[in-house]
1. Is it the case that A470 is at pLDDT 90 or above, touching a Ser or Thr at 6+ places or on another chain (Cβ under 8 Å) and surrounded by 17 or more Cβ atoms within 10 Å (Cβ to Cβ)?
2. Name the residue, out of L181, L208, that is more than 30 Å from V417 (Cα to Cα) and not β-branched (V, I, T).
3. For A272, are the conditions met, namely being under 20 Å from the mean Cα position of the chain (by Cα), outside the structural domain of F159 (by TED's automatic domain parsing) and surrounded by fewer than 19 Cβ atoms within 10 Å (Cβ to Cβ)?
4. If you check V216 against the conditions, is it in a helix (DSSP H, G or I), at pLDDT below 85 and either within 29 Å of A447 (Cβ to Cβ) or in the same structural domain as A375 (by TED's automatic domain parsing) (or both)?
5. Restricting attention to the stretch 350-374, which residues are of a type in the set (G, A, S) and surrounded by fewer than 21 Cβ atoms within 10 Å (Cβ to Cβ)?
6. Find the helices (runs of 4 or more DSSP H) located wholly in the stretch 1-103 whose residues include 3 or more that are closer than 20 Å to A201 by Cα, and list them.
7. So which residues in the stretch 420-450 are modelled with pLDDT under 85, hydroxyl-bearing (S, T, Y) and either assigned by TED's automatic domain parsing to the domain that holds G206 or assigned to a helix (DSSP H, G or I) (or both), if there are any at all?
8. So is A203 free of Cβ contacts under 8 Å to residues at least 60 places away in the same chain, touching a helix residue (DSSP H, G or I) at 6+ places or on another chain (Cβ under 6 Å), crowded, with 20+ Cβ neighbours inside 10 Å and not assigned by TED's automatic domain parsing to the domain that holds G410 or not?
Amino acid sequence: MSTVNPRRWWGLMVLATAQFMVIMDVSIVGVALPEMQRDLGFTQGDLQWVINAYVIAFGGLLLLGGRLSDLLGARKVFTAGWIVLMAGSVIAAVATSPGAEILGRAVQGVGGAFIAPAAMTLLMMLFSHDPRELGKAMAVYGAAAPAGGTAGVFLGGVFTEWMSWPWIFWIYLPIGIATLLFTGLLPAVDSRRGSVDWLGAVAVTGGLALAVFTVVRTEDEAIGWGSAQTVLGLGGAVLLLGLFLIIQRTIKVPLMPLSIWRTPRLASANLAMVLLGAAWIPMWYFLNLYLQQVLGYGAFAAGAALLPMTTLLMVVMVGITARLMGRFGTKNLLTGGLAVLALGLVWLSRVEPTGTFVVDVLPASLVAALGMALAYIPGLMAAMSAAPPEQAGLASGIVNTTYQVGSALGLAAMTAVATTMGASQLGDLPALTEGFGAGFLGAAGIAFAGAVLTAVFMRGDRPAPAGGPAEGSGTPGTRGEQVGV
């Protein structure tokens with residue numbers, strides 16, 4: 001029987017703080033983007049790298065972070081991740097050029113890739129003695145994610161409006177130092193011998209970065225989709241990702257054993273998460289820019305305008321989605337959520353250069369947020385519950401990686417679309433609005449494709465009678481609850 005850690009609930013607070021900060025790292029930047037663009041000289045198209053540099057490093061290295069956590073000990077990797085995250089925050093805060101800012105954001109992403117899997121391992125170690133306590137702990141940990149997203153929107157507006165945008169990065173130092181002071185509450189595990197697939201980690205991260213970079217460059221009329229640069233860039237990305245698969249097939253201890261993909265529903269669930277990320281992150285990006293560059297909102301006002309959406313997201317994810325999964329099953333809820341997200345994005349694509357928050361933004365953003373809230377947890381659950389118990393940690397790493405990969409590629413592609421349609425013409429409100437509308441509409445198409453593909457290819461689960469949990473949706477004490485809601 002597992003030894004009960006008397007300080008486990010205090011340890012949970014440390015881990016929930018980490019989850020809160022890792023998620024906040026994406027949302028807090030969105031409101032500050034126009035100020036960063038003016039101060040650092042980003043072009044309208046390159047501005048997306050402030051988000052994508054973090055997402056690529058985070059998503060591309062999650063599996064490596066999980067492997068290092070297994071070998072070196074989760075607490076050591078958790079601690080190292082915070083040190084790296086704080087170092088990246090300092091680089092981003094003092095940056096005076098786009099290149100330095102992108103570097104800082106990438107280093108932050110590396111830190112997040114170490115923190116996230118280590119935190120999940122530590123949580124399981126703290127509460128593995130009691131499935132019911134584990135369920136409560138996962139609920140707290142899961143709630144920290146939407147809470148971090150909501151807080152990031154608000155704090156990003158406060159810091160940018162009344163202090164300056166570098167403070168969205170300086171905030172990580174006091175919180176990081178406080179977290180490090182309390183890591184003694186977390187269980188320590190000795191290091192063990194084993195190999196690390198460094199080449200595989202470099203191949204998958206490099207392939208993703210090259211693919212995003214190539215797609216971003218297509219916005220330049222001198223390059224375009226049919227140019228030699230684009231063909232060579234995408235070809236190089238395919239080669240690197242193919243090399244990653246070859247390495248995983250031949251190496252003794254791969255980051256991602258390919259046998260896991262034989263699991264029913266795993267591929268369809270991860271495809272859905274790729275498309276969900278590819279639709280949601282562009283929406284978030286363009287909505288921030290529309291509020292400030294077209295409607296003329298300041299940073300604080302833009303952050304406040306996004307609070308209804310993020311609050312609804314948190315409330316539905318924490319309090320409602322799990323119950324709906326029990327009644328309708330993960331497949332039906334994931335399909336419906338993607339369809340609702342597509343509807344909200346189509347509505348947002350109708351924004352006007354002379355629009356208002358109440359008419360053009362609020363109702364459509366609430367519909368989109370509802371769709372995201374209904375789809376995200378079922379997507380995670382479908383991927384997690386598909387895996388056998390001994391591969392639950394790997395399945396968790398894969399599904400989080402695919403979501404980040406989708407986010408990066410979707411943002412790159414939709415930015416190229418928006419820029420082509422006029423989103424690069426700062427000061428020309430009709431052109432900007434047309435470009436942003438095209439980005440929203442493209443993201444809607446991605447979400448709708450996700451709904452269709454999920455409905456067609458994902459194996460169904462049985463809705464439970466009388467409000468019980470659906471098969472595959474995760475019940476107390478099962479591996480499905482590792483995601484937390």
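The values are calculated or read from the model by the stated rules, or taken from the named source; none is laboratory data. Since the model is a prediction, treat every value here as computed from it, not as a measurement. So basically every Cβ, Gly included, is an ideal-geometry build from the backbone, and we count neighbours across all protein chains shown.
1. Numbers: at pLDDT 90 or above: no; touching a Ser or Thr at 6+ places or on another chain (Cβ under 8 Å): yes; surrounded by 17 or more Cβ atoms within 10 Å (Cβ to Cβ): yes.
No: the conditions fail for A470.
2. Working: L208 fails: more than 30 Å from V417 (Cα to Cα).
L181 is the lone residue from the list that is more than 30 Å from V417 (Cα to Cα) and not β-branched (V, I, T).
3. Judged against the criteria, A272 is not a match.
4. Details: in a helix (DSSP H, G or I): yes; at pLDDT below 85: yes; either within 29 Å of A447 (Cβ to Cβ) or in the same structural domain as A375 (by TED's automatic domain parsing) (or both): yes.
Against the criterion (in a helix (DSSP H, G or I), at pLDDT below 85 and either within 29 Å of A447 (Cβ to Cβ) or in the same structural domain as A375 (by TED's automatic domain parsing) (or both)), V216 qualifies.
5. First pass over the stretch 350-374, keeping only residues of a type in the set (G, A, S): 355, 364-365, 368-369, 371, 373.
Residue satisfying the conditions is G355 alone.
6. On the way: elements: 8-30, 33-40, 49-72, 74-94.
Ranges flagged: 49-72, 74-94.
7. Correct list: T420 only.
8. Working: free of Cβ contacts under 8 Å to residues at least 60 places away in the same chain: yes; touching a helix residue (DSSP H, G or I) at 6+ places or on another chain (Cβ under 6 Å): yes; crowded, with 20+ Cβ neighbours inside 10 Å: yes; not assigned by TED's automatic domain parsing to the domain that holds G410: yes.
When the stated conditions are applied, A203 passes them.
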